[in-house]
Amino acid sequence: MKKFISVLLSSVMMLSSFAYASTPQVIYGDADDNGTVNVLDAVCLLDKVLNNSKMPVEDKANYMDYVDLNNDGKLNSADVAEILQIILDKSYQPDNITTESTTEVTEDTTEASTQTMESTTEETTEETTEETTESTTEATTVETRVWNMSRSEFASLEIITSNLTVNGLELYATSAKPMNMFAADETLDGVTYTNALNLGGKGGTEYRSAAFNVSGKTSIAIVIKSSGSDARTLDVVRDDGTVIKTLEAGTTIKKYSLSVDYTGKIYLYSENKGINIYEIVLNGNVPQTETTTEGTTLSETTTETTTFNGDTSDGVVVSNFSDLKNELAKKNNKIYVKGTIECSENIKLSNLNANTEIYGLTNEDGTAAVLDFAPLRDSLNKSGSGGTGITMSGSHYKFSNIIIQNAGDCGIRITGSDAGYSEFNNCVFRYNNNSGVSVTNGGSHNTFNYVDSYRNADLIQKNGGDADGFSVKLNAGEENRFYNCRAWENSDDGWDSYDRGTPYIGSVYYEECLAWNNGNPYVFTGEYDYENGYALDKNLVYVQAILESDPDFEQKYNSHSVTSWPELTVKLLGHSNSYSNIHSKNWQGNPNGFKFGSAETPSSSYRYIKNCIAFDHSNTPNQTPAKGFDQNNGYASYDIENALSFNNGQNYWMDRMSAKSATGVFYSFGGGQSDAEGDLNITVPDEAKQEELKNTVYAYRDMIYDYVYNDKIPGEQLCNVF
């Protein structure tokens, strides 16, 4: 056998010297530095191990970084085996190598191998047979496992908020630290990836990570890319906490190949921000304890998607208001809403323990199902709760993937001691004439996930003074929760928790939520969009009045040739309001992001705030300063972890509230008035960091705009700035 190896080395090393004459480049596993990985590299490495000979790659100071493939700090036969494994499973594809040059080296290698084998077959038959038998027996325990995120079992997951296992790949996530699958369009080495797993941010062994079991020597190939505009770091970590390798996820897709010799679990997670994983390939021994049964094992809580037009056999499809009313009167029902339903009456949901789900079907053009209450609004001659779109006094309802708009009062009002224990996922509340969402008078235990509430305004009847994005106030009950919700450009506050009398408002939770540009009168006349280059919003009642009085206005708007803004008096619900009144000190809109109480809110009332952002709330003649995070003279106690507030009249007014805990970072910049931070330790980032934060947040905002103005639902979209 030794004689066989010696002859093999002599023959192939001659070819190796010839191949090395080509332009050298540093490539992981390229031991002879000829620009590709093939059997020559295994031979060079083996010669180094046996004879301590000189290799071309040793001229490079960092050669150990890409020839010590098993990361044990030395060169030995294990590294030779890893190179051979790369060749066999083809998980490595060198960058910038032309087909022609690769083919040339392959032909030389094949010829050399053939000649060598011919000259040594007679001498080595016995030993070679023994060696081959042993190797073949060992190989029967080796399995290739491929987890391609473009496959249907992964692509269908979308948002991941709890632990689950898909074909042996373990995904770890929580509602506070979720991950998501999303549609992609990336091609690498001839493979097109149509889906990816976004890790979402900094991870660990319990959240935002992917994991798999290995047993002994295993080759791992990972295809990754940063999910942002900067490079990020992916950690490959053993279950004992040892970091095996750190991989750079740049702004272009890349494949990494590495090897481990370990028995246990391997985790992949980001050191800092979001990273996209497109594919993971393993070649190695399959642990006997691992289950590789086909199919997806989900935890009890399944993830929601923002689009659905599939099997509806488990419920009933409705496309008109009469059928919708009839189905909502029943309990234990699943209702699929198709298209846009014009609602001419207030919908009353009064069943206790209704166990009823209202699920919007996605239209063929990708737009969402809609409940439009304009017919009800326009039939009324006065404002008030009779114009509410949906009144919920019952419990255990679930809304998913639906837009609720144009109500004459709140989009939905959850009210009464029996009201609540309901869930809203992937919903949008917009253009209602009071708050998009109102929880009051005992309404409790409601959960809002990935809900947008925007451009709700009581412009005509109250000059903007009472329409919030989310209103949890006036004796609302306990445990109302918001996760990754967005309240923006409403005429009053983003979130309002105004107390008046007992019982006081119960606990309210805000996680991964954003509020921006609320209380701005210029939004509702159309001027804000014009001045900032946005499309004309023809859903605004003031803009509708302009178009009625001047049919050519849209053309002038689009050509940016409006010389003066039309000053009109507009009418709705038995009231009227004028342009001059909207722009005067009489404007009642309250430009605040998160309002946590009122002067009557005691310290026994509780708020939980985590990873929340408030920005661009501008002072008005009636409200100075406009605030990002606003105690509103209240004394509620709270826990807080991470917050960002910028470009508000005042970023934080929190000195009367009492923090049970305050952890993480609390960014503040661009505020018109100094913060009253109370228990918070405010951080003012340097100018470069401020620009980074603003650019990230504004790109996020514009992405949300792009969804909703095209009548699509954003769903879960995290703004990873912490």
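Observations, loosely collected:
- Heavy-atom accessible area order for 165, 601, 252, largest first, 1.4 Å probe: 252, 165, 601
- Accessible-area rank, largest first, for 653, 495: 653, 495, with all protein chains present and a 1.4 angstrom probe.
- Square roots of 5 times each gyration tensor eigenvalue, C-alpha, the stretch 432-478, largest first, Å: 21, 14, 5
- Shape of the stretch 202-270, Cα gyration tensor, a/c cut at 1.5: oblate
- Shape category assigned to the stretch 380-513 from the gyration tensor of Cα positions, a/c cut at 1.5: rounded
- Given charges at beta-carbon only (K, R positive; D, E negative), |dipole| of the stretch 159-259 in Debye: 100 debye
- Separation between Cα centres of the stretch 652-693 and the stretch 303-376, rounded to whole Å: 42 Å
- Rounded to the nearest Hz, the phi-derived 3J(HN,Hα) couplings of the stretch 550-561 under the Karplus curve 6.51 cos²θ - 1.76 cosθ + 1.60 (θ = phi - 60°) are 9, x, 8, 5, 4, 5, 5, 4, 5, 8, 6, 10, where x marks glycine and proline.
- Centroid-to-centroid, using Cα positions, the stretch 476-497 and the stretch 607-624 are 12 Å apart.
- On the basis of the beta-carbon distance and an R0 of 30 Å, residue 584 and residue 381 show a calculated FRET efficiency of 0.70.
- Note on residue 151 and residue 544: the extension gain reaches 136.9 nm, defined as 0.36 nm multiplied by sequence separation minus the Cα-Cα distance.
- Contour excess over end-to-end distance, with Cα ends at residue 576 and residue 206 and 0.36 nm allotted per residue: 127.6 nm
- If the chain linking residue 603 and residue 334 were pulled fully straight, counting 0.36 nm for each residue of separation and taking away their Cα-Cα distance, it would gain 92.7 nm.
- Loop-located trypsin sites (Lys or Arg not before Pro) in the stretch 520-620 (DSSP state other than H, G, I, E, B) with a sparse environment of at most 12 neighbouring Cβ atoms within 10 Å: 538, 585.
- More than 22 Å apart - percent of Cα-Cα pairs taken over the stretch 564-722: 52 percent
- Less than 5 angstrom separates the built amide H of residue 568 from those of 579, all sequence-distant by 5 or more or on a different chain.
- Rounded if a/c under 1.5, otherwise prolate or oblate - the stretch 142-222, Cα gyration tensor axes: oblate
- Spin-label model distance (nm) - residue 661 vs residue 320, 7 Å beyond Cα toward Cβ: 5.6 nm
- Of the residues 525, 504, 549, the one whose Cα sits farthest towards the positive end of the charge dipole of the stretch 499-578 is 504 (charges of +1 on Lys and Arg Cβ, -1 on Asp and Glu Cβ, taken about the Cα centre).
- Both radii come from the Cα set of the stretch 439-521: Rg as radius of gyration, Rh as Kirkwood radius; their ratio Rg/Rh reads 0.98.
- The stretch 547-668, accessible surface, carbon-and-sulfur percent (1.4 angstrom probe): 41 percent
- Accessible area (Å², 1.4 Å probe, nearest 10) - residue 691: 90 Å²
- In this rough spin-label picture, where each label sits 7 Å from Cα along the Cβ direction, the residue 348-residue 192 distance is 5.5 nm.
- Solvent accessible area, Å² - residue 719, 1.4 Å probe, full protein context: 10 Å²
- When each of the peptides 334-347, 431-444 is scored by the mean number of other C-beta atoms lying within 10 Å of its residues, the order from highest to lowest reads 431-444, 334-347.
The values are calculated or read from the model by the stated rules, or taken from the named source; none is laboratory data. Bear in mind that the values here come from a model prediction, so they are computed numbers and not experimental data. Glycine gets a Cβ as well: all are built from the backbone with ideal geometry, and neighbour counts include every protein chain shown. Side chains are part of the model used for accessible areas, which takes the heavy atoms of the whole protein and leaves out ligands, DNA and RNA. Shrake-Rupley method; radii C 1.70, N 1.55, O 1.52, S 1.80 Å.
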